[in-house]
Amino acid sequence: MFDGTRSIDDKAIAMTYAQLLKQTSGELERFGVPNPEQEAWWILASSTGRENSQLAAELALPVPAAVGKKVAQVVQERRGGKPLVYATGETEFYGLRLKVSPAVLIPRPETEVLAAEILKELDLRAGRNLPFSILDIGTGSGCIALALLSQLPNSFAVATDISKEALFVAAENAGALGLSPRIQFVLGNVLEPIKAEEKFDVIVSNPPYIDSSEMESLDDSVRRFEPNLAIESHRGGTWFHREITRLGAFRLRPEGILAFEVGNRQAKMVARFIKKTGFYAKPQIFYDLFGYERVVLVRKI
Ligand SMILES: C[S@@+](CC[C@H](N)C(=O)[O-])C[C@H]1O[C@@H](n2cnc3c(N)ncnc32)[C@H](O)[C@@H]1O
């Protein structure tokens, strides 16, 4: 019988899920984690590989030792301030369950807006069944490319990153989602690894966009746990956007879409230099869920 005094580790097998849930929530609350009850659910669901509803139906069952151990480990990591997504090693993006490691940026809801706006633009033109070719630059966990492929059943993607470790994570995610046959991963700097003759219908990027001078003002949790390589840029945080705009013009098919996620107060600047190149039509700006200008999307002339 659970007596509430022992640690999760040595009592794991003798506990039910309901008891472990209560204990986990109590521990998280003591560490000052906001929403401890909800987080305890997520940790158990992730550690068991179950959906919340499934877990709810199994609350009276005993917890296997391996699950108890995993939960204890996640709780310890949360105590040290590690973001929940890195502690559990997974997250959800555009309805897909994705593996995440400290080598990749945590996929954000803002980035779902980027994927959604590209899909809307493709819907306006031709519908989702055409075989679009997509280039995702700085793919990280693969979230953008995989979300697009999951909605575009006949499309193909090339996903690049300068981090080999990130590409391993993205490739594992593609495999788990059954999307490997429709995506190719390429290691390299921005557009350098893409052959000159390769042309795309969509070039998308959520590149690093925090200017070096602003790195110090980032949230402590971002600075401590997320990879610098995924965050830091130059020229007011828009170096990657400029480079991809310039070089991407030669890799996009006519009418092709260029779409970026941008940092706060960057959208108008990015739209201005896109326009100035003369290669593109009028850029559109879209807002994220918090009301910030977050996505710039444009069509090649
Ligand atoms: C902001 S993260 C975005 C990751 C993912 N696409 C997302 O939306 O969550 C930027 C990504 O760009 C990659 N990156 C940084 N410098 C790069 C470069 N010079 N060439 C290609 N990728 C780069 C980082 O490794 C990182 O995975």
Accessible-area ranking of Leu135, Leu289, largest first, probe 1.4 Å: Leu289, Leu135
Using θ = phi - 60° and Karplus 6.51 cos²θ - 1.76 cosθ + 1.60, couplings along the range 214-220 (whole Hz; Gly, Pro as x): 9, 4, 5, 8, 5, 3, 3
Cα centre as origin, Lys/Arg/Asp/Glu Cβ charges: the range 8-82 dipole, Debye: 160
Neighbour-limited loop hits for chymotrypsin sites (Phe, Trp or Tyr not before Pro), the range 119-185 (at most 15 other Cβ within 10 Å; DSSP other than H, G, I, E, B): none
Contact order normalised by residue count of the range 122-253, Cα under 8 Å, 6+ apart, percent: 24
Charge dipole magnitude, Cβ of K and R +1, D and E -1 - the range 221-267, Cα centre, debye nearest 20: 120
Area accessible to solvent at Asp161, 1.4 Å probe radius, in Å²: 20
Lys/Arg +1, Asp/Glu -1 at C-beta; the chain dipole; positive extreme among Ile231, Tyr209, Leu124: Leu124
Most mobile listed residue (Val104, Val74, Val33) in the chain, GNM with C-alpha springs under 10 Å: Val33
Rounded FRET efficiency, nearest 0.05, which uses the C-beta distance separating Arg265 from Glu29 and R0 of 45 Å: 0.75
For the chain, the longest site-free run once GluC sites (Glu not before Pro) in DSSP loop states with at most 13 other Cβ atoms within 10 Å are removed: 52-196
The range 218-297: trypsin sites (Lys or Arg not before Pro) in DSSP coil with no more than 11 other Cβ atoms inside 10 Å: Arg265
From phi via Karplus (6.51, -1.76, 1.60), per-residue ³J(HN,Hα) for the range 187-204 in Hz, x at Gly/Pro: 8, x, 7, 6, 9, 4, x, 8, 4, 4, 7, 6, 10, 10, 8, 9, 10, 10
The range 155-176 residues near the modelled Asn129 label - backbone nitrogen below 15 Å, point 7 Å along Cα→Cβ: 155
Carbon + sulfur, % of accessible area of the chain - ligands and nucleic acids excluded, 1.4 Å: 53
³J(HN,Hα), Karplus 6.51/-1.76/1.60, whole Hz, each residue of the range 169-174, x for Gly, Pro: 5, 4, 5, 5, 5, 4
Net dipole in debye of the chain [+1 Lys, Arg Cβ; -1 Asp, Glu Cβ; about Cα centre; nearest 20]: 860
Relative contact order computed over the range 7-106 (Cα-Cα under 8 Å; 6+ residues apart), in percent: 29
Distance violations [Cα-Cα > 27 Å] among Lys120/Lys199; Lys120/Lys164; Lys199/Lys275; Lys70/Lys99; Lys164/Lys199: Lys120/Lys164
Interchain or long-range residues, amide H under 5 Å from Phe93's placed H: Leu98
Positive dipole terminus of the chain, leading residue within Leu21, Phe273, Ile134 (C-beta point charges): Phe273
Local electrostatic count at Ala170 - Lys and Arg +1, Asp and Glu -1, tallied over other residues with Cβ under 15 Å: -1
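The values are calculated or read from the model by the stated rules, or taken from the named source; none is laboratory data. Bear in mind the structure is a predicted one, so any value in this text is a computation, not a measurement. We place every Cβ from the backbone using ideal geometry, glycine too, and count neighbours over all the protein chains shown. Just the protein is used for accessible areas: all its heavy atoms, side chains included, with ligands, DNA and RNA removed. Shrake-Rupley method; radii C 1.70, N 1.55, O 1.52, S 1.80 Å.
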